[in-house]
1. Out of 318, 378, 309, I need the residue that is in contact with a strand residue (DSSP E or B) (Cβ under 6 Å, 6 or more places away or on another chain) and within 16 Å of residue 275 (Cβ to Cβ). Which one?
2. Take the conditions part of a helix (DSSP H, G or I) and either in the same structural domain as residue 44 (by TED's automatic domain parsing) or surrounded by fewer than 16 Cβ atoms within 10 Å (Cβ to Cβ) (or both) and apply them to residue 381. Does it pass?
3. Restricting attention to segment 384-420, and to residues there that are part of a helix (DSSP H, G or I) and crowded, with 21+ Cβ neighbours inside 10 Å, which single residue is nearest to the chain's Cα centre (by Cα)?
4. I'd like the full set of residues that are in contact (Cβ under 8 Å) with a residue 40 or more places away in the chain and over 26 Å from the mean Cα position of the chain (by Cα), limited to segment 80-107.
5. Being surrounded by 21 or more Cβ atoms within 10 Å (Cβ to Cβ) and within 30 Å of residue 303 (Cα to Cα) is the requirement here; does residue 112 meet it?
6. Out of (1) crowded, with 19+ Cβ neighbours inside 10 Å; (2) at pLDDT below 95, what's the single condition that is false for residue 32?
7. Looking at segment 304-330, which of its residues are under 16 Å from residue 291 (Cα atoms), touching a helix residue (DSSP H, G or I) at 6+ places or on another chain (Cβ under 8 Å) and surrounded by fewer than 17 Cβ atoms within 10 Å (Cβ to Cβ)?
C-alpha cells in the first residue's frame, strides 16, 4: 500500500506480512545514507504481563537487558559482522519500545540480513547472561551518579504511585541479578513476535526486496501478544516533591504535570502535538514566562520542556538549573492556572503552532529521527507524516483544555537535586 502526503512531498510504502510484521519504506532519493530500524512494541514498563495463559512478573530492567543480549549470536557477535560491512549499528530501550538499527552507504541488503537474523534469533546462555550482568551493573552505577537522570527518575516517582514507569529503564543491580536465560527467552517469545514489531527503512532501497527478506528471516510463528499490566490507575500524583542530594554546583529541578491517558480511539499523534504545543506555550524558549523566569535567574539556558505519552498515562516535563526551584514551580503553576482560566492568546498560539510545525517538518530530512518517529506512529496505527493534516485540527480551545487538566489539584510533582 502506498500513501502520499502531497503538501509535504513525502511518500510511504507499507505492507503487513503474513506473520503480522509491518514493513514501511520511506524513500529519500539523493540521500547518501540509508537507515533501517527494527522495533518491537516492548519497553521497560512491560515487565508484568499474561502470556499464553500464564502471568509473568519479570525483574525490572529485563527489556533493556534483552536489548544488550540480542547482539550475541551462536556464530559470533552481530556488532562485529556490521563492522565488516562498514555499517553503523546501535540499539536503544525506552519505556515503551526496544529498537535495533543501522545506517550505511553501501551493502544495504547484506546489513539488513544481519539485522533481521540476530533480532529474530535469540541466543542466551548462563555464561553470557552472567557476563552481561556485570556490564549493565556498571551502566546502572554510572546513571545513578548522573544528576539529570536522577531528576527524571525522581519526577516519575512523584507522578506515579504504582505504574512501572517509576522503575528505571535498566532496573537495579538487585533486579538484574534475577534475570536468567529462561526469563529472556520468555520475553523474546512474548514480545518479539512479528505481530508486535515493525521494520522501517528510510533512504534508498528496493521495497519489494526488503519485504522478501523480512519474510524470509522473520519467523512464520507469530504468537498473540498477551495482556500487559500497569498497576492501579490514580488521578492524583504520588508525591508533591521528591528531593535528592548530589555533588552539583547549583540546584536542579524537573516539574511534572500528570495528564490523562489516551482515550479509546483518540489519535496518539494528535495528543502528542497538543501536549508539545502546550508546554511550548507555557514555557518554551520564546514564551513570555520563559523570559520572566530567565531574568529572575529561576531558570537557565539549559531549561527544557517535553511531553511524553506512556501506556495508561501521559505527562508534561519542564526543568533545568535554578537558584530557587520552589519559586520556579510556583510561577509555572500560576501560569498554568491562568491559561486554564483565561485561555491562550491567538497570536501566541499561532506563533507557537508555526514553530512546532517547522520542528516537525525538519524531522523528515533526518532519516534516523524520521524512522524512529515512524515506528512510534505505526504502533499507534498512524504515520508520522499525518501530523501535517492534524495541525489544521488544533485550536486554542484544545490547548486550554490541556491546561485545565494540568491545573487540577494534586496533578504536579517537583523533583529536585540539591548540592550536597
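The values are calculated or read from the model by the stated rules, or taken from the named source; none is laboratory data. All values reported here derive from a predicted model rather than from experimental measurement. No Cβ is skipped: glycine too gets one built from the backbone with ideal geometry, and neighbour counts run over all protein chains shown.
1. Values: 378 fails: within 16 Å of residue 275 (Cβ to Cβ); 309 fails: in contact with a strand residue (DSSP E or B) (Cβ under 6 Å, 6 or more places away or on another chain).
Checking each option against the conditions leaves just 318.
2. Taking the combined requirement at face value, the residue does not satisfy it.
3. The initial filter retains those residues of segment 384-420 that are part of a helix (DSSP H, G or I), namely 384-391, 396-406.
Those left that are additionally crowded, with 21+ Cβ neighbours inside 10 Å: 384-385, 387, 399, 402-403, 406.
Numbers: 384: 14, 385: 18, 387: 17, 399: 22, 402: 21, 403: 23, 406: 21 Å.
Looking at the filtered set, the residue picked out is 384.
4. Let us first name the residues in segment 80-107 that are in contact (Cβ under 8 Å) with a residue 40 or more places away in the chain, namely 93-105.
Selection gives 105 alone.
5. Values: surrounded by 21 or more Cβ atoms within 10 Å (Cβ to Cβ): yes; within 30 Å of residue 303 (Cα to Cα): no.
Answer is no for this residue.
6. Single failed check for residue 32: (1).
7. none
Residues checked against (1) touching a strand residue (DSSP E or B) at 6+ places or on another chain (Cβ under 9 Å); (2) surrounded by fewer than 21 Cβ atoms within 10 Å (Cβ to Cβ); (3) within 30 Å of residue 408 (Cα to Cα):
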| position | (1), (2), (3) |
| --- | --- |
| 135 | no, yes, no |
| 138 | no, yes, no |
| 143 | no, yes, no |
| 152 | yes, yes, yes |
| 157 | yes, yes, yes |
| 161 | no, yes, yes |
| 175 | no, yes, no |
| 181 | no, yes, no |
